[in-house]
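Read the structure below first, then the notes.
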Amino acid sequence: MLEIRDLTVMRDGKPIVKNINLTIGKREVHIILGINGSGKTTLAHAIMGIYPSQGKIIFEGEDITNLPIWERARRGITLAFQEPARFEGLTVKEYLMLSSPEKNMSVLKEAVKTVGLPYNILFQEIGDNLSGGERKRIELASVLLMKPKLAILDEPDSGIDILSFSLISDVILKMKEMGSSVILITHSEEMINIGDKATIICGGKIVKSGDSKEIKKLFKYSPCPLKG
Amino acid sequence: MEEIIKKEYETLVKYYEASGGNSGALLSTEYASMIINGDRVLAKNSTRGIKIITRRIKDGVSAQIVIKRGYKSKNPVHLCFGMLPREGRQVIRTKIIAEESSEAKFIAHCIFPNAVKIEHVMDSRVFVGKNAKVEYEETHYHGKTGGVRVLPKTRAIVAEGGEYNSSFVIKSGRAGFINIDYEVKLDERAKSMLVSKIYGKEDDEIIAKESIILNGPHSSGVVKTRMALKNNAKSKVIGKTIGIGEYSRGHVDCTEIIMDNAKAEASPVVMAVNPRAKVTHEAAIGSVDKKQLITLMTRGLTEEQAIDIIVQGLLK
C-alpha cells in the first residue's frame, strides 16, 4: 500500500527525518512511537505532502513524492492533525460535508455518533466554542467519512479523557474493517495495543520496526535508545 | 409609463431574488416592503404595525418608516434599492422610528447589476425607542465592473433598554468604492452590534468607519468587521467604541484576510472616560490561515477551492 524509501525531510536547513524506510500494508494499523521532537509529526506531514522531502513515497505502486497535498488526498490519503484548525463561519455539518462522498445528513449523524458527539454539534461553528477534544473528534469523523485508503492520525488521543480512549480505538478498528490502513502516532499504551505493527523513531531515524507488542515493550524501557 | 414601471419592477425583483432576497415576501401584502429603482418608488406596502411614507427628492427618495408602539413584527420588512441603468446617482434618505417596545427586522438589498458609473448615497437616521429592537441586514450586489461608489451613512440613537443591530454584506461581485460611516449612540442598558463583511477584488477600495458611543450605564456594543481582499483591493477599517456610561462594555473586533497585492489597514479605537467602563479590541490582518488551508487540502480540495471555503466562512 505505502512504501517509503530513504525519506529525508529538511526543515530550516536541518534534517528532521533521516533516511526513513518503511512499508505499510493494506488494512494495517501501524503505530509510530517516539519521544517529543523525534520527527513523528514531520514524517506524517511528509507522507501527506505538507513538507517537501527527498527520497521516494510510493502509494499503491505510484510515485507520489512530488504530488501536492490535495492530489494525494484524492488518491485516498488523509491526515488528522494533532491540533485541529478552527474555522470561523464554517459549521461542523459544512466541514464534514467536504469530506463525505455521500452528501447526506444521515451519514453525518452516524459519523458524529461514532466519535461520541451529540447530533446537534453538526450545527455549531468550528471555533472557540468547541473544546480541543471536540475538535479532535470532529477531525476523526471527517477522516472516517472520507473512507480513505490510508489515514494518518497524529495523536488523536492527546487531550482526550481516558474514558474516550476505547471509543477512539473502536473508530480506528472500524476504519481497518472498512479497508483503510492507518498510521497512528500515539504515546498511549492502550492505543499501541490495537496496532498490527509499530515503529520507534528517535532523532529522526527509525530505531526499530516490527510486531507492535514487542515494540511496545522495547519502547517502554528504552524510548530513545539512540540518545543512550 | 405604467408598462416601463412594470418592466423595471419585474427586472429588479429578478435581481433581488438572485442576490438572495425573498421575492415572495416583497410581493406579499403581509410584509411591509418598498422597492425603489433610481428615484422612483416602484412599489411599497405598509402593514398594521409598520407605516411607510415616501417622497421623491433630488436624485432619489426619502422614506420614513415607523414601527408602532408595542408592535412586534413577525415578518421582516423587505427593502429593495436598486439602479438598473449603467450610470447615474441615487440618493436614499431613510428615517426609521421604532417606537417604545416595538420590534422589527429589516432585510435590505441594494442592487446595481449593470453598474459602470453609479453613485449610491444612503443617509439613514434610526431612532430606537425604549425597550425597542431593530435589526437591519443589508446585502449589496454591485455587478462585475466595480463602477459603483456606495456611501452609506447611519446615525442611530438607541433609548434605554433598546437594541440596534446592523450588518452590511458584500460577498459576490465587485465592491467598487465603499465608504461606510456608521455611528450609534446608546442610552442606559441599550445594546448594539455593527457588523460588516466585505469581499474586495481587483481595485476595489473599502473604507469602513463604525462607532458605538456607550453613553448610558450598562450599555454594550460590538463593532465587528470581516474582510477578504484580493488582487489590488484596499481597505481601511476604523472600528471605534467609547465607554462613557458606568459599567458600559464595548468591543472592537476586526479580522482581514489579504491575498495577492491587496492592502489592509485596521485601526481599532477604544476610549473610556469612565473608570467603570471597559472597552477592548482585537484586530488581525494576514494571509489565509495556513493550517485551515492545509486541513482542507488534506480533504481533497485544491488550494483555490480551500481559499474560497475559508473566505466564504469568514464572510458568513
Quick check: the angle from helix A:105-114's long axis to the longest principal axis of chain A, C-alpha only, nearest 10 degrees? 50 degrees
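Can you list the equivalent-ellipsoid semi-axes of region B:81-236, largest first and in whole Å, using the square root of 5 times each Cα gyration tensor eigenvalue? Kindly include the intermediate steps, with their values, before the conclusion.
Numbers: eigenvalues 177, 54, 24 Å².
Value: 30, 16, 11 Å, ordered largest first.
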Just the number, please: percent antiparallel of the DSSP beta bridges in region A:78-210, rounded to the nearest 5. 45 percent
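Over all directions, average the projected area of the Cα convex hull of region A:117-228 and note it in nm².
Details: hull surface 32.9 nm².
Quarter of the Cα hull surface area: 8.2 nm².
For region A:19-143, what does the relative contact order come out to in percent, with C-alpha contacts under 8 Å and a separation of six or more?
On the way: 113 pairs, mean separation 27.2, N = 125.
It rounds to 22 percent for region A:19-143.
Only loop residues by DSSP count here, and only those with at most 11 other Cβ atoms within 10 Å; note down the trypsin sites (Lys or Arg not before Pro) in region A:90-165 that meet that.
On the way: sites: A:Lys93, A:Lys103, A:Lys109, A:Lys113, A:Arg135, A:Lys136, A:Arg137, A:Lys149; in loops: A:Lys103, A:Lys149.
Sites meeting the loop and neighbour criteria: A:Lys103.
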Averaged across B:154-167, how many Cβ atoms of other chains sit within 10 Å of each residue's Cβ atom? 0
Ordering of B:239-245, B:179-185, A:9-15 by packing [mean C-beta count within 10 Å, highest first]: B:239-245, B:179-185, A:9-15
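Once the other residues with Cβ under 11 Å from the Cβ of B:Ala277 are scored (Lys, Arg +1; Asp, Glu -1), what is the net sum?
Values: positive: B:Arg249, B:Arg276, B:Lys278; negative: B:Glu246.
So the surrounding residues net to +2.
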For a test of the definition: using alpha carbon positions, the gyration tensor, and the 1.5 limit on a/c, classify region A:133-196 as rounded, prolate or oblate. oblate
Per-residue average of Cβ from other chains inside 10 Å of A:66-77: 4
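Considering every residue in A:94-105, what mean count of other chain Cβ atoms within 10 Å of its Cβ is obtained? Don't skip to the answer; put the middle values down first.
Working: counts 4, 5, 1, 0, 8, 5, 1, 1, 0, 0, 0, 0.
Mean inter-chain Cβ contacts per residue within 10 Å come to 2.
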Mean shadow area (nm²) of the C-alpha convex hull around region A:1-145 is 9.7 nm²
Heads up, chain B by the C-alpha gyration tensor (a ≥ b ≥ c square roots of eigenvalues; a/c under 1.5 rounded, else a/b over b/c prolate, else oblate) looks oblate
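With +1 on the Cβ of every Lys and Arg and -1 on the Cβ of every Asp and Glu, and nothing else charged, how large is the dipole of region B:1-125 about its Cα centre, in debye rounded to the nearest 20? Don't skip to the answer; put the middle values down first.
Values: 21 positive and 14 negative charges, 75 e Å.
That gives a dipole near 360 debye.
Counting pairs of alpha carbon atoms under 8 Å apart in space and at least six apart in sequence, what relative contact order in percent does region B:252-310 give? Don't skip to the answer; put the middle values down first.
Values: 57 pairs, mean separation 20.4, N = 59.
Across region B:252-310, relative contact order equals 35 percent.
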Do you know the relative contact order of chain B, to the nearest whole percent, from alpha carbon pairs under 8 angstrom that are 6+ apart? 9 percent
Using the Cα centre of region A:20-125 as origin and beta-carbon charges of +1 (Lys, Arg) and -1 (Asp, Glu), tell me which of A:Gly61, A:Tyr95, A:Phe81 is placed farthest towards the positive end of the dipole. A:Gly61
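Would you work out the charge dipole size for region A:79-228 about its Cα centre, treating the Cβ of every Lys and Arg as +1 and the Cβ of every Asp and Glu as -1, and quote it to the nearest 20 debye? Before the final figure, lay out each step's value.
Numbers: 20 positive and 20 negative charges, 109 e Å.
With only Lys, Arg, Asp and Glu charged at Cβ, the dipole is about 520 debye.
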Tell me: how much accessible area in total is hidden between B and A, 1.4 Å probe, Å², nearest 100? 1900 Å²
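Beta carbons within 10 angstrom, averaged per residue: use that to sort the peptides B:263-274, B:154-165, highest first. Mind showing how you got there, number by number?
Working: B:263-274: 15.8, B:154-165: 21.9.
Output ranking for B:263-274, B:154-165: B:154-165, B:263-274.
Within the set of other residues whose C-beta is less than 9 Å from the C-beta of B:Val126, count the net charge using Lys and Arg as +1 and Asp and Glu as -1.
Values: positive: B:Lys95, B:Arg125, B:Arg155; negative: none.
In short, +3.
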Among residues other than B:Glu183 whose Cβ falls under 10 Å from its Cβ, what is the net charge (Lys/Arg +1, Asp/Glu -1)? +3
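By its C-alpha gyration tensor, with a ≥ b ≥ c as the square roots of the eigenvalues, how is region A:159-202 shaped: rounded for a/c under 1.5, else prolate for a/b larger than b/c, else oblate?
Working: a/c = 2.14, a/b = 1.01, b/c = 2.12.
Oblate is the answer for region A:159-202, as a/c is 1.5 or above yet b/c matches or exceeds a/b.
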Cα-based helix-to-principal-axis angle, A:212-221 vs chain A, degrees rounded to 10: 70 degrees
Any of B:Lys72/B:Lys236; B:Lys201/B:Lys240; A:Lys149/A:Lys197; A:Lys14/B:Lys291; A:Lys18/A:Lys216; B:Lys117/B:Lys201 with alpha carbons more than 28 Å apart? Name them for me. B:Lys72/B:Lys236
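Please report, in debye to the nearest 20, how large the charge dipole of the protein assembly as shown is about its Cα centre when each Lys and Arg carries +1 at its beta carbon and each Asp and Glu carries -1 there. Intermediate results must be reported in sequence, preceding the final value.
Working: 80 positive and 66 negative charges, 111 e Å.
Charge dipole of the protein assembly as shown: 540 debye, to the nearest 20.
Once the Cα gyration tensor of region B:1-131 is found, what semi-axes does its equivalent ellipsoid get, as square roots of 5 times the eigenvalues, in whole Å, sorted largest first?
Values: eigenvalues 129, 52, 30 Å².
For region B:1-131, the semi-axes come out at 25, 16, 12 Å.
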Taking only the alpha-carbon atoms of region B:1-56, what semi-axes of the equivalent ellipsoid follow from 5 times the gyration tensor eigenvalues under a square root, in whole Å, largest first? 18, 16, 9
Can you give the convex hull volume per residue for the Cα atoms of the protein assembly as shown, as a whole number of Å³? 177 Å³
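The values are calculated or read from the model by the stated rules, or taken from the named source; none is laboratory data. None of these values were measured; they are calculated from a predicted model. Every residue, glycine as well, gets a Cβ built from its backbone with ideal geometry; the counts of neighbours run over all protein chains shown. Calculation scope for accessible area: heavy atoms of the full protein, side chains included, ligands and nucleic acids excluded. Shrake-Rupley method; radii C 1.70, N 1.55, O 1.52, S 1.80 Å.
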